[in-house]
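Take a look at the structure below.
The values are calculated or read from the model by the stated rules, or taken from the named source; none is laboratory data. Because the structure is predicted, anything quoted here is derived from the model rather than measured. Cβ sites come from the backbone with ideal geometry, for glycine too, and all protein chains shown count toward neighbours. Accessible surface is based on the protein model in full, side chains and every heavy atom, while ligands, DNA and RNA are left aside. Shrake-Rupley method; radii C 1.70, N 1.55, O 1.52, S 1.80 Å.
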Amino acid sequence: MNPKLMISSAEKIGNNQDLLAQILLRLPAKSLIKFKCVSKQWLSLISNPQFCLSHTRHQGDEGFLHATALLLKVQYIVSPEFDVVPLKHFSQVPFFDYISTSGLNILQSCNGLFVCEALDDDLNVSGYFICNPTTKQFKKLSFLQNPIKDCEFYVSLAFDPLQSPHYKIIVVREVLENSFIFELDIYASESDSWKIATTIFETKEEACMAFEDAVFCNGKLHWNSYGNQSLYLVVEKECLQMMPMPTKLRGNHRLEIYRYFGESGGRLHLAVTYHAFIDLDLYVHQMASDYSHWFLKHRLNVGDAMKVFPELNLGCHPFTSGFSGVSFVGSERKEEAKVVIWADGKIICYDFNDGAWKMMHDPGPGLKIGTPFEGFNHLHEQRFIPYKYFESVYVF
């Protein structure tokens with residue numbers, strides 16, 4: 001092609017703001033950040049909040065965003081570092097060391113934004129942040145009602161940029177120590193204001209609510225529970241509702257040991273493992289669309305993956321299955337989710353569309369994801385917690 005013609009075409013595009021915006025909308029978020037340096041015009045366009053929102057929405061597919069990667073953190077280890085598992089393309093995710101704090105713990109990932117708690121040298125909570133790891137933008141949260149000493153205090157995020165450019169912070173705050181009486185405080189970014197004690201409610205001790213394990217899906221914030229029932233918040237109406245939790249299958253008297261609560265494509269999922277000397281079963285439940293009940297979608301034997309990938313060595317260490325970090329992500333055919341699992345240092349998945357085990361990420365021959373930390377005698381003793389990462393230039 002004639003170089004002069006190429007230069008002329010580039011100039012026409014550069015001078016046509018609408019055409020340039022349409023081209024940039026189709027580029028990955030990381031590329032956009034680099035292109036801010038091209039010119040003041042590009043910087044102004046790419047930094048515009050409306051363009052950032054449009055770019056985020058352009059990544060949506062049939063009403064849902066799809067994660068770019070999973071961030072794997074070792075449970076109970078306080079560190080700004082994590083392992084990255086690519087789901088779409090390789091993405092170099094910056095660690096959270098741009099937030100100046102002695103320690104940092106991820107609380108929740110929600111459609112591109114993260115909620116984190118900062119820890120001091122004694123591992124006491126010193127503050128809470130929301131951040132976008134792609135842009136390294138973060139904001140410290142200020143509460144009108146601060147945590148009461150020795151009382152439970154949980155912070156969650158409700159954010160869906162496909163529906164609204166605004167987010168809400170939901171705080172579940174215990175009124176008195178061991179009272180099981182809680183208040184809901186809600187911050188709305190749209191008005192930059194708090195509503196205090198919008199709801200007061202009481203739970204039973206046997207309900208075993210896990211307010212630290214929250215999942216935002218379909219405009220509702222759901223909390224995990226180890227009892228027979230749990231709660232969810234209809235965010236826009238600020239209304240609490242009850243929902244059932246899965247019950248053990250008849251004849252299963254084993255003690256539940258781990259569970260993984262998540263969502264994919266607007267559907268809630270819950271995967272459970274039970275205590276045994278060697279147990280490679282994973283019970284995957286899905287919530288009915290009307291929230292009336294959970295149904296057992298599949299009883300997966302992760303040991304079957306060793307038939308496909310003989311290099312995996314699962315169940316080799318007593319009372320540790322060798323797999324964790326279970327997450328639920330969308331599949332290419334969209335009808336069903338994929339169950340993504342850290343297994344013996346590699347990332348495998350079970351695709352419900354074709355009922356097959358697949359390798360999602362292999363770091364290479366002889367290499368394993370996960371570094372043994374002090375206090376762990378075997379790599380399989382570590383438990384990985386997965387957080388979905390969405391590349392996004394969204395600004396708040």
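A few notes on this one:
- Test result for Phe153, closer than 29 Å to Phe384 by Cα and touching a Cys at 6+ places or on another chain (Cβ under 6 Å): no
- Of everything listed in (1) surrounded by fewer than 18 Cβ atoms within 10 Å (Cβ to Cβ); (2) part of a loop (DSSP other than H, G, I, E, B); (3) among the hydrophobic types (A, V, I, L, M, F, W, C), the single unmet condition for Phe396 is (1).
- Picking from residues in the stretch 311-330 that are touching a strand residue (DSSP E or B) at 6+ places or on another chain (Cβ under 6 Å) and of a type in the set (Ser, Thr, Tyr), the one that is nearest to Pro86 (Cα to Cα) is Ser327.
- Taking first residues from the stretch 339-363 that are in contact (Cβ under 8 Å) with a residue 24 or more places away in the chain and partners that are crowded, with 23+ Cβ neighbours inside 10 Å and not in a strand (DSSP E or B), the Cβ contacts under 6 Å between residues at least 6 apart in sequence or on separate chains come to Asp344/Gly322; Ile348/Ala305; Trp357/Ala305.
- Residue ID - least open to solvent (accessible area, probe 1.4 Å), chosen from residues in the stretch 74-87 that are within 12 Å of Tyr389 (Cα to Cα) and not in a loop (DSSP other than H, G, I, E, B): Val85
- Selected residue (only one of Thr273, Thr247 is of a type in the set (Ser, Thr, Tyr) and either assigned to a loop (DSSP other than H, G, I, E, B) or open to solvent by 40 Å² or more (accessible area, probe 1.4 Å) (or both)): Thr247
- Look at the stretch 28-44: where a residue is closer than 23 Å to Lys88 by Cα and a partner is small (Gly, Ala, Ser), sitting 6+ places away or on another chain with Cβ atoms under 7 Å, you get Ala29/Ser392; Lys30/Ser91.
- Listed here are the strands (runs of 3 or more DSSP E) enclosed by the stretch 146-201 that have at least 3 residues being more than 19 Å from Phe396 (Cα to Cα) and either basic (Lys, Arg) or open to solvent by less than 30 Å² (accessible area, probe 1.4 Å) (or both): 167-174, 181-188.
- When Ala207, Ala214 are checked against the criterion of being within 27 Å of Phe143 (Cβ to Cβ), at pLDDT below 90 and crowded, with 16+ Cβ neighbours inside 10 Å, a single residue qualifies: Ala207.
- When each of Lys334, Lys358, Lys368 is tested for being at pLDDT below 90 and more than 26 Å from Glu81 (Cα to Cα), the lone residue that passes is Lys334.
- Meets criteria (among the aliphatic types (A, V, I, L, M), closer than 24 Å to Phe114 by Cα and open to solvent by less than 80 Å² (accessible area, probe 1.4 Å)) for Leu221: yes
- From Leu367, Leu314, residue being open to solvent by 40 Å² or more (accessible area, probe 1.4 Å), touching a Gly at 6+ places or on another chain (Cβ under 9 Å) and more than 17 Å from Glu263 (Cα to Cα): Leu367
- Number of the exception - Glu263 against (1) open to solvent by 20 Å² or more (accessible area, probe 1.4 Å); (2) outside any strand (DSSP E or B); (3) not aromatic (Phe, Trp, Tyr): (2)
- Just so you know, in the stretch 118-135 the residues that are β-branched (Val, Ile, Thr) and either in contact with a strand residue (DSSP E or B) (Cβ under 7 Å, 6 or more places away or on another chain) or in a strand (DSSP E or B) (or both) include one that is modelled with the lowest pLDDT, and it is Val125.
Listed here are the residues, each with its yes/no results for (1) among the aliphatic types (A, V, I, L, M); (2) surrounded by 18 or more Cβ atoms within 10 Å (Cβ to Cβ); (3) more than 14 Å from the chain's Cα centre (by Cα); (4) not in a loop (DSSP other than H, G, I, E, B).
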residue	(1), (2), (3), (4)
His55	no, yes, yes, yes
Leu72	yes, yes, no, yes
His89	no, no, yes, no
Cys116	no, yes, no, yes
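- Residue within the stretch 62-70 that is open to solvent by 50 Å² or more (accessible area, probe 1.4 Å), among the aliphatic types (A, V, I, L, M) and not in a strand (DSSP E or B) present: no
- The residues of the stretch 91-106 that are more than 19 Å from Tyr394 (Cβ to Cβ) and either of a type in the set (Ser, Thr, Tyr) or outside any strand (DSSP E or B) (or both), listed by number, are Phe95, Asp97, Ser100, Thr101, Ser102.
- Cβ pairs under 7 Å, 6+ apart, first in the stretch 194-212 and more than 18 Å from Ile170 (Cβ to Cβ), second modelled with pLDDT of 95 or more and of a type in the set (Ser, Thr, Tyr): Ala207/Ser225; Cys208/Ser225
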